[in-house]
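Notes to accompany the following structure.
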Amino acid sequence: MAPVSERTISQPANQKPHLVTEVPGPKSRAARAREEEHYAPGHQRYSAMAGIVVDEARGNTVTDLDGNTFLDIVGAIGVNGLGHSHPKWTAAISKQVQRVSAGSFSSTARVELMQKVATHAPAPGVHRLQLYSGGAEAVESALRLAKCYTGKSEFVSFWGGFHGKTMGVLSLMGSDFKKGLGPLVPGNHLVPYANCYRCPLKLKYPSCGLACVELAEGQVKSATSGAIAAFLVEPMLGAGGNNPPPKEWLPAVKAMAKKFDALLIVDEMITGFGRTGKYWGSEHTGTAPDIVTIGKQFGGGLPVTGLISRDDIVQSKPWANPSGSSSSYGGNPLASAAALASLNIIDEEGLVENARKMGEYFLDKLKPFYDDYPFVGDVRGQGLLLALELVKNRDTKELVSREVCKTMFEGCLKRGLICLSFDPIFRIQPAMTIDAQTIDTVVAILREVFDGVKKSGAWA
């Protein structure tokens, strides 16, 4: 299998960690101490736990102020699809920022971006793009658009789903994150996602016959007023565990939406632009969405998000009124240049196919973990959207403790690997430019850490 370096010289291959001080080192500790004098709490857990201060990053590596270089399989929570500091991307935004960066006027970059996105339309006719700066902002706009088009006011989302932290989408979040943040927006309803490892009905796929869909339909009939504007769904759970559902499930959700005369909003923030080995996550099942929300690696590292929909839907008012769906930062020249460069790189360097090949390679390397480590309950993924689920007992599926996960995270960090092993649902989502040799190094580090946990018996 050819590494990335044989296809393109844009990003380094066979990357390895290199540590020169303890972690975090003295320069990182000093800088973090200064920052903590003023920085409000609540930032990303892996960043807070690592305690490092980044100086530079290339490809799949991050180097801190002390000169320690780490392998990174967090991928900035799915943002870093191109690898850090991709040279073509940095050149494009450097050129644009010297000309014009802010404002709502059209620009050559935005014109070309519109054309580029249309060449990869998520479904026939789904080509109208509106741009934003944050994921929640784009999803909130999709909800408003659905209301305007349908004249209805209720929404259905799914357990495990994550669509942002603003109040509208927070009310549709399928986890306990929203506890203590009520009252929530009324008219929002949650039904089970097809999480087969933790089936709420204790059934097995495929003999279950997708009973979760039948349950969801019954819940919508009994718990709503019948005024469903849209179903909001991730084609594969991201924050909910990098979890692909059975191939029949998303088409069944589409059919359920049609029964209620509702739109289907597919949130492709994490799954879009090739991460799963196809350009769109919904493409794996041939499911045609009415509205698609996009972000993460869309901007290549700059905050750029958006929604895509059909001609008839986007004409709906008041969403379609002047300034009715706009954003102060949305579609500015710099953001447009960043997104255009990102999409061009994905096409030119074959990153969708690389995500498919490297995802299969990575998953094949992880599958033996199930046999080798009794605390690995599930190994799963699609493309470079992968996960290990860590449990105390495979029968009860009780998750390992946070303390065990902390030990794993620290063990990886001191060996030069930055990852999301602080959580028992351990998500893996590196840059789409990753190569086989770099994956081999990552897996070797994970095995060292997992061997230590197995030997200690602390997981039980």
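Details
- Matching residues, the stretch 387-434, being more than 30 Å from Asp66 (Cβ to Cβ) and either assigned to a helix (DSSP H, G or I) or among the acidic types (Asp, Glu) (or both): Glu389, Asp395, Glu398
- Val449 vs. criteria without any contact (Cβ under 8 Å) to a residue 60 or more places away in the chain, crowded, with 19+ Cβ neighbours inside 10 Å and either hydroxyl-bearing (Ser, Thr, Tyr) or in a helix (DSSP H, G or I) (or both): yes
- Among the candidates Ala211, Ala194, residue that is among the small types (Gly, Ala, Ser) and touching a residue at least 12 places away in the same chain (Cβ under 8 Å): Ala194
- Exactly one residue among Pro322, Pro303 is over 24 Å from the mean Cα position of the chain (by Cα) and either surrounded by fewer than 18 Cβ atoms within 10 Å (Cβ to Cβ) or in contact (Cβ under 8 Å) with a residue 12 or more places away in the chain (or both), and that residue is Pro322.
- Listed conditions (1) touching a Gly at 6+ places or on another chain (Cβ under 9 Å); (2) assigned to a loop (DSSP other than H, G, I, E, B); (3) surrounded by 21 or more Cβ atoms within 10 Å (Cβ to Cβ) are all met by Val292, apart from (2).
- Restricting Cys196, Cys212 to those that are at pLDDT 95 or above and in contact with a Lys or Arg (Cβ under 9 Å, 6 or more places away or on another chain) reduces the list to Cys196.
- From Tyr370, Tyr361, residue being among the hydroxyl-bearing types (Ser, Thr, Tyr) and either closer than 28 Å to Thr63 by Cβ or surrounded by 21 or more Cβ atoms within 10 Å (Cβ to Cβ) (or both): Tyr361
- The single condition among (1) in contact (Cβ under 8 Å) with a residue 60 or more places away in the chain; (2) assigned to a helix (DSSP H, G or I); (3) more than 30 Å from Pro424 (Cβ to Cβ); (4) among the small types (Gly, Ala, Ser) that Ala76 does not meet is (3).
- Any hit, the stretch 399-412, residues being at pLDDT 95 or above, within 17 Å of the chain's Cα centre (by Cα) and surrounded by fewer than 20 Cβ atoms within 10 Å (Cβ to Cβ): no
- Residues within the stretch 197-214 that are farther than 18 Å from Met236 by Cβ, among the basic types (Lys, Arg) and assigned to a helix (DSSP H, G or I), tallied: 0
- Residues that are polar (S, T, N, Q) and part of a loop (DSSP other than H, G, I, E, B) within the stretch 295-337 comprise Gln315, Ser316, Asn321, Ser323, Ser325, Ser326, Ser327, Ser328, Asn332, listed in sequence order.
- Flag if Ala255 is hydrophobic (A, V, I, L, M, F, W, C) and touching a residue at least 24 places away in the same chain (Cβ under 8 Å): no
- Candidates Gly174, Gly209, Gly218 - the one that is assigned by TED's automatic domain parsing to the domain that holds Asp261, buried (at least 18 other Cβ atoms within 10 Å of the Cβ) and within 20 Å of Lys254 (Cα to Cα): Gly174
- Selection of the stretch 23-43 for residues being exposed (fewer than 12 other Cβ atoms within 10 Å of the Cβ) and free of Cβ contacts under 8 Å to residues at least 40 places away in the same chain yields Ala33, Arg34, Glu35, Glu36, Glu37, His38, Tyr39, Ala40, Pro41, Gly42, His43.
The values are calculated or read from the model by the stated rules, or taken from the named source; none is laboratory data. These numbers come from a predicted model, not from an experiment. Cβ atoms come from the backbone with ideal geometry, glycine included; neighbour counts cover every protein chain shown.
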